[in-house]
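To start, the structure under review is shown below, and the notes come after it.
Only the coordinates and a few stated rules stand behind these numbers; no lab work does. Please read these numbers as outputs of a predicted model, since none were measured by experiment. Positions of Cβ are backbone-derived with ideal geometry, glycine not excepted, and every protein chain shown enters the neighbour counts.
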Number of protein chains: 2
Amino acid sequence: MKLKGSIKNIISCLLIALCNIAYGQKSIPIPNKSQLVWQDAELTTLISYDLHVFDGKRYNQAANRINPIADYNIFNPTKLDTDQWVRSVKDMGAKVAILTVTHETGFALYQSDVNSYSMKALKFQDGKGDIVRDFVASCRKYGVLPGLYIGIRWNSNYGVYDFMVHNDNSPFAKNRQQHYNKLCEQMTEELMSRYGELAMVWFDGGAHGPELGGPNILPIVEKHQPNIIFYHNTQRADIRWGGSETGKVNYPCWGTYPFPYSHSTNTKEIFKNDFQLLKEGDPEGEYYMPAMSDAPLRGHNGRHEWFWEPGDEKHIQPLESLMDMYYGSVGRNSTLILGITPNAEGLVPDPDVNRMKEFGMEIKKRFSSALGRVSGKGSNYELKLKSYQKIDHLVLMEDIAYGERVREFSIEAKTKKGWQLISKGTSIGHKFIAKFGQIEVSALRLNINKSLAEPIIRDFSVYNSSSNP
Amino acid sequence: MKLKGSIKNIISCLLIALCNIAYGQKSIPIPNKSQLVWQDAELTTLISYDLHVFDGKRYNQAANRINPIADYNIFNPTKLDTDQWVRSVKDMGAKVAILTVTHETGFALYQSDVNSYSMKALKFQDGKGDIVRDFVASCRKYGVLPGLYIGIRWNSNYGVYDFMVHNDNSPFAKNRQQHYNKLCEQMTEELMSRYGELAMVWFDGGAHGPELGGPNILPIVEKHQPNIIFYHNTQRADIRWGGSETGKVNYPCWGTYPFPYSHSTNTKEIFKNDFQLLKEGDPEGEYYMPAMSDAPLRGHNGRHEWFWEPGDEKHIQPLESLMDMYYGSVGRNSTLILGITPNAEGLVPDPDVNRMKEFGMEIKKRFSSALGRVSGKGSNYELKLKSYQKIDHLVLMEDIAYGERVREFSIEAKTKKGWQLISKGTSIGHKFIAKFGQIEVSALRLNINKSLAEPIIRDFSVYNSSSNP
């Protein structure tokens, strides 16, 4: 089965490459199948859960990284319901949910046979709990794609700081580094092999490999999960960080990038101008690596919390902020990863659930009923409406299976006063959304003025957000 | 109940003190009730068990201390039978068995709720195993007193070397030290409170307290186990190390000692002349603290193994070596602690069991049928036999509840040639054994030439070891 899939992929790549050559262009980077699924998802979530959710204290990341948790048996989510978590994801319309299996305490949310600092140690569920198992089962039940986040960069329990066993260069410290690296590899093996096909694996801060004294994670992931979105190490990233935790990227935000890694190395060039390269990509980049836009739902008005804490309800992003993120991520060829925070009871709190639902409904309201749409190949498209109609949004999508080809475009609308320029841009990629003041139009024209190869437009559609109450 | 016991103890101490004053002597250190039980036990055992028993490799202590175990699930004693362990102890005639709950790997042989690196982590017995529980139950079943050995000085998993989190003096290392100290206290709390009354707790290498940056163990032990033999920290030791791992002490080996601790501090004075002070004690010492004599059963002919390893059967001490230890420990006012090694199957191997049984039988053979005995108060005793009989051993015991009083004694025997000096010595304490070539005697005299107060002789008896086949 896997082999067949690979052969198909190879043939598909070859065809696309041939097509590019026929067009007389240099090769255009194209996404693999998993990247296509990832970008089609558009909305994804990161569900963060760790021991300190239960400590009743304000989370302080710097302190958390260097303070082992006093008592891991505080972990006791008496109403744990991963179905409820995933329903909230589904209600928001997100297609992928990613769970933090380990974060900075080092505690693992499953039945590990290699890391004793895991759910086997708990009184909770008599030591038989496995939140990864429950979470993946809930994802399958609701048709949400599961992904796993594995934090190996920090581990306050084992004494790991920024990938390294905190040490004095003694043989002891070197042995423990080796042991820790092996532990990371073995956990990756368990997580990649036990829970079926995963959409994504996220090694936060990267998974520094043997070249930097770290574990050799990538071959293990590749062995068990050939179709996974791998994010990331110094060799490989299938998506890149979008350069902020605001849920937005810059415009343009190209799906291509000049390095095969996100930001694990060459940080001088990548981090300059406030992460500009991450936020914008590189239209000349030879690697297909779209940007993700991550932000916590509880990130409003002076807070920025990936984990649940009491009293943060008032910091849940207002609907309009979430819509701004939507435009600033999905509307700019990026994927939104919204941070969700189950509480100490084991539930996503009601105010969060409600806001996520509102967010999903608002997106539907604005974009589910196109007043008209066209698609096809070529540089010029005309979209005729049945009559003069009010519109306030338009959406463009390239068929990025063939690569991001468009480099410059403009859109005119036929108003009662004649044709008017209403939008223009550079990058389209998976999706470009323009929002504008309501205008009455009877037709639109998309003119692609510059492209690397024949443009393939998957969708050109227009909407009136106030027409769907 | 506890209060009544304490009051009884106080009254008893006061009476003894008054008695000493009446005799016109300075106060003589006297053992507490637990020390009396301990010395009456005479033969005890240390049962050592840890992860590396299962690794099939030769144990290398220096390496073990700085190499975390690669896979703790190697721990899988499929024939585990702590009844069999304790039967072997019982067959040897030992009254106390001490189990290593944690040794240098840091792995804990019970259901800890504070140390995830414990039996909850194992596949073995579906993570429900508790060898401390099983061991204590077996001890109760066979009437052997249980004790626990808790190693906190080394922990290769947590990264602790000689009590200290291996570190670079960063805040992180300091936090982890604090966390480790707390962990040691919490484990002590669990172990002291969960398994009923324990005869002994052994913190190997000591339990350095807050004064040295370590955990505060002693109050926890004292709270839960008021009658325990505590061994040891910088403040307190109820027994002292005998200065070697040969199973022997020097002669004389006084039950008194000049410091309240064994060898956790002031090592310059204590360690000089090859640990002379530990091996001999101090007749002027103001603390009652008898010496223990520890040695592994598998310590013959170039090996000295506290843990089981394949192929060490030929290094089991021969019976005569064990008898030498018996004379060199029990016969010198010390307690023998013999190291027993359950194997990877979970059983004390047959050759070890058989040798322990032989040892117990040989002691019985030599000492179970006294040809005559006397006891009483005063400096001169005559032991008359019914007729001329062959003897080759004699035993002296002071009633050490009143302190070790004798400082010099001699023994004469009435042979057919008249009275002959056959033994003399300084310390008697709990027990003094003399072994000599067979002689035919009809009476013996014990003359105590020097003592701190009126001697109280619990037993003066003679034996013919060849008379009990």
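For label points placed 7 Å from Cα toward Cβ, what is the shortest-first list of nm distances from A:LYS314 to its copies?
The answer, with the shortest distance listed first, is 8.0 nm.
I want the antiparallel fraction of DSSP beta bridges within the protein assembly as shown, as a percent rounded to 5. Can you show the working numbers first?
Values: 94 of 154 bridges.
Antiparallel bridges make up about 60 percent of those DSSP assigns within the protein assembly as shown.
Run through segment A:275-384 and list the trypsin sites (Lys or Arg not before Pro) located in a DSSP loop whose Cβ has at most 10 other Cβ atoms within 10 Å.
none
Which lysines, on any chain, are close to B:LYS416 with Cα under 25 Å apart, when same-chain ones fewer than 8 places away are left out?
Straight-line reach from B:LYS416, under 25 Å: B:LYS384, B:LYS386, B:LYS390, B:LYS424, B:LYS435.
Under the Karplus relation 6.51 cos²θ - 1.76 cosθ + 1.60, θ = phi - 60°, what is the ordered set of whole-Hz ³J(HN,Hα) values for segment A:93-101, x standing for Gly and Pro?
Listing the rounded values in order: x, 7, 9, 10, 10, 10, 10, 6, 6 Hz.
Starting with the fewest neighbours, write out A:SER34, A:SER334, B:SER88, B:SER442 ranked by other beta-carbon atoms found within 10 Å of each beta-carbon. Write down the numbers at each step before the final one.
Details: A:SER34 18, A:SER334 32, B:SER88 27, B:SER442 15.
Going from least to most buried by this count: B:SER442, A:SER34, B:SER88, A:SER334.
Just how large is the dipole of chain B about the Cα centre, in debye to the nearest 20, putting +1 at every Lys and Arg Cβ and -1 at every Asp and Glu Cβ?
On the way: 55 positive and 52 negative charges, 299 e Å.
My answer is approximately 1440 debye.
If you rank B:ASP399, A:ASP350 by fewest surrounding Cβ atoms within 10 Å, what's the result?
Result, fewest neighbours first: A:ASP350, B:ASP399.
Through the Karplus equation 6.51 cos²θ - 1.76 cosθ + 1.60, θ set to phi - 60°, convert the phi angles of segment B:117-130 into ³J(HN,Hα) values in whole Hz; use x for Gly and Pro.
Here the 3J(HN,Hα) series is 7, 8, 5, 4, 6, 7, 6, 3, 6, 6, x, 9, x, 8 Hz.
Order by neighbour count: B:SER112, A:SER466, fewest other Cβ atoms within 10 Å first, most last. Before the final figure, lay out the partial values.
Details: B:SER112 24, A:SER466 11.
Ordered from fewest to most neighbouring Cβ atoms within 10 Å, B:SER112, A:SER466 come out as A:SER466, B:SER112.
If you average the sequence gap of Cα pairs under 8 Å that are 6 or more apart and divide by the length of chain B, what percent do you get for the contact order?
Numbers: 1081 pairs, mean separation 74.4, N = 469.
16 percent.
For a quick check: with amide H placed at 1.01 Å from N, whose amide H comes under 5 Å from A:LEU46's, ignoring anything fewer than 5 positions away on the same chain?
For A:LEU46, whose amide H was placed from the backbone, the distant partners under 5 Å are A:ILE98, A:LEU338, A:GLY339, A:ILE340.
Can you name the helices of chain B, as whole DSSP H runs, whose Cα span along the helix axis is 20 Å or more and whose Kyte-Doolittle mean is not below 0.0? Present the calculation step by step, with values, prior to reporting the outcome.
Numbers: long enough: B:2-22 (30 Å, 1.22); B:171-194 (34 Å, -1.41); B:350-367 (25 Å, -1.23).
Flagged H segments are B:2-22.
Given the DSSP H assignment, sum -39500 (n - 2.57) over each helix run of at least 4 residues in chain A and divide by its residue total; what's the result at 222 nm in deg cm²/dmol, nearest 500?
So the helix-based figure for chain A works out to -9000 deg cm²/dmol.
Give, to the nearest whole percent, the P(r) tail of chain B beyond 30 angstrom, counting all Cα pairs.
For chain B, the share of Cα pairs beyond 30 Å comes to 47 percent.
Below 8 Å, C-alpha to C-alpha, sequence gap of six or more: please give me the relative contact order for segment B:372-467 in percent.
Working: 252 pairs, mean separation 45.7, N = 96.
Rounded, it is 48 percent for segment B:372-467.
Antiparallel DSSP bridges in chain B: what percent, to the nearest 5?
Values: 47 of 77 bridges.
So the antiparallel bridges amount to about 60 percent of the total.
Quick one: which residues, 5 or more positions from B:GLN389 or on another chain, have an amide H under 5 Å from its amide H? H modelled 1.01 Å from N in the peptide plane, none for Pro or chain starts.
Hits under the 5 Å cutoff: B:VAL441, B:SER442.
Would you pull out the residues with amide H under 5 Å of A:LEU145's amide H, same chain only if 5 or more places away, H placed 1.01 Å from N?
The list, which skips near neighbours in sequence, is A:VAL96, A:ALA97.
Calculate, axis by axis, the spread of Cα positions in the protein assembly as shown along the three principal axes, and write the results as whole Å, longest axis first.
Computed over the protein assembly as shown, the largest-to-smallest principal extents equal 143, 52, 44 Å.
Run down the lysines and flag those whose C-alpha is under 18 Å from the C-alpha of B:LYS182, throwing out any fewer than 8 positions away in its chain.
Once the sequence-local lysines are set aside, what remains near B:LYS182 is B:LYS174, B:LYS223.
If each label sits 7 angstrom from Cα along the C-beta direction, how far apart, in nm, is A:LYS272 from its counterparts in the other copies?
7.0
In debye, nearest 20, what is the charge dipole magnitude of the protein assembly as shown about its Cα centre with +1 on Lys and Arg Cβ and -1 on Asp and Glu Cβ, if you could check? Please list the in-between numbers first.
Working: 110 positive and 104 negative charges, 173 e Å.
It works out to roughly 820 debye.
Considering the Cα positions of segment B:312-422, please state its Rg to one decimal place and its Dmax as a whole number of Å.
Cα-based Rg and Dmax for segment B:312-422 come out at 18.6, 60 Å.
Give a residue-ordered list of calculated ³J(HN,Hα) values for segment A:293-302 (Karplus: 6.51 cos²θ - 1.76 cosθ + 1.60, θ = phi - 60°; whole Hz; x for Gly, Pro).
Per-residue couplings from phi come out as 10, 9, 6, x, 4, 8, x, 9, 6, x Hz.
Quick one: with label points 7 Å out along Cα→Cβ, list the inter-copy distances for A:LYS57 in nm, shortest first?
3.8
Binning every alpha carbon pair distance of segment A:269-364 at 5 Å from zero, what are the percents per bin?
3, 12, 20, 20, 16, 12, 9, 6, 2, 0
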